[in-house]
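Notes for the one structure printed next.
The values are calculated or read from the model by the stated rules, or taken from the named source; none is laboratory data. Computed from a predicted model, the values in this text were never measured in an experiment. Methodologically, a virtual Cβ is constructed for each residue, glycine included, from the backbone with ideal geometry; neighbour enumeration extends over all protein chains shown. Heads up: the accessible areas ignore ligands, DNA and RNA and are worked out on the full protein's heavy atoms, side chains in. Shrake-Rupley method; radii C 1.70, N 1.55, O 1.52, S 1.80 Å.
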Amino acid sequence: MLTQDELKTLVGQAALHYVVPGEIVGVGTGSTVNKFIDALASMKGQIQGAVSSSVASTERLLALGIPVFDANEVGEISVYIDGADEIDGLGHMIKGGGAALTREKIVAAQSRRFVCIADESKLVAVLGRFPLPVEVIPMATQRLIRQFAALGGTARVRMKGSEPLVTDNGQHILDVTGLQIRDPLAFESEVNQWPGVLTVGVFAHQRAQVCLLGTASGVKTLTY
């Protein structure tokens, strides 16, 4: 039986098949993506470089000798490789466990194709078991907590020690439990309109086209 870490390594390596030689690759954030970044070092001479969704991923890419471009310096990106906290049968995801959801959604929107890399524990029938991350402007926090309560959710400010966690964008994160998101597109559209929400961690408008799922029998490819 493979460990979760070994499954992450497998899907990280499998994602190399979707990297287009000679182009720039979009790179996400998180422990599974770290495995992809490590694997990407083996073909760094075949790509121009990467656009990264977080400071942490940028530092890892640069340490391996992979050039990192600002998103504003490039046009359309051929492929974006990132993990997910949950993914459903249509490629809709919950993301943001690593607090990089806004930049992840920006790079995903700039990319022609989203390839999700995950282990099979992330595959769900209905989104919402994993606490939904929402990046918010701090002055709106209490009102947004009340708005999620009206939907049946319980929202809490994500903490780092005794203080609210501060994202790469200087904002805070609400983690919302108690939701069942049966219409991800409509939910994402609605919550994104709430004043004070920077980004909701439902990726339905920027869903995955491919999911490389690490399973006990190897990597399973799901296409949507």
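Can you give me the ranges of the strands (runs of 3 or more DSSP E) entirely in segment 137-205 with at least 2 residues that are under 20 Å from Arg103 (Cβ atoms)?
Output list reads 172-177, 197-200.
Tell me, which residue of segment 202-219 that is of a type in the set (A, V, I, L, M) and modelled with pLDDT of 95 or more is farthest from the chain's Cα centre (by Cα)?
Per the criteria, the residue is Val219.
Residue check: is Pro133 at pLDDT 95 or above and out of contact with any His (no Cβ under 8 Å at 6 or more places or on another chain)?
It is true that Pro133 is at pLDDT 95 or above and out of contact with any His (no Cβ under 8 Å at 6 or more places or on another chain).
Check off (1) at pLDDT 95 or above; (2) in contact with a Lys or Arg (Cβ under 9 Å, 6 or more places away or on another chain); (3) of a type outside the set (S, T, N, Q) for Glu120 and give me the number that stays unchecked.
Looking at each condition in turn, Glu120 falls short on (1).
Would you pick out the residues in segment 195-224 that are surrounded by fewer than 18 Cβ atoms within 10 Å (Cβ to Cβ), touching a strand residue (DSSP E or B) at 6+ places or on another chain (Cβ under 7 Å) and of a type in the set (S, T, N, Q)?
Gln209, Thr221, Thr223, listed by residue number.
Evaluate segment 168-182: report whether one residue or more is within 14 Å of Glu135 (Cβ to Cβ) and among the polar types (S, T, N, Q).
So far as segment 168-182 goes, yes, one or more of its residues are within 14 Å of Glu135 (Cβ to Cβ) and among the polar types (S, T, N, Q).
Being farther than 27 Å from Ser52 by Cα and either among the polar types (S, T, N, Q) or open to solvent by 10 Å² or more (accessible area, probe 1.4 Å) (or both) is true for just one of Leu123, Leu179. Which residue is that?
Leu179
Could you please tell me which pairs satisfy a Cβ distance under 9 Å, a separation of 6+ or placement on different chains, a first residue in segment 208-221 that is over 12 Å from Cys116 (Cα atoms) and part of a loop (DSSP other than H, G, I, E, B), and a second residue that is among the charged types (D, E, K, R) and modelled with pLDDT under 95?
Every condition considered, the pairs that remain are Ala216/Glu120.
Counting only residues that are over 17 Å from the mean Cα position of the chain (by Cα) and open to solvent by less than 80 Å² (accessible area, probe 1.4 Å), how many does segment 182-191 have?
Total meeting the criteria: 4.
Residue-by-condition table, conditions (1) over 30 Å from Leu7 (Cα atoms); (2) open to solvent by less than 40 Å² (accessible area, probe 1.4 Å); (3) in contact with a Cys (Cβ under 8 Å, 6 or more places away or on another chain); (4) in contact (Cβ under 8 Å) with a residue 40 or more places away in the chain:
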| site | (1), (2), (3), (4) |
| --- | --- |
| Val136 | yes, yes, no, yes |
| Gln147 | yes, no, no, yes |
| Thr154 | yes, no, no, no |
| Glu163 | yes, no, no, no |
| Asp168 | no, no, no, yes |
| Gln193 | yes, no, no, no |
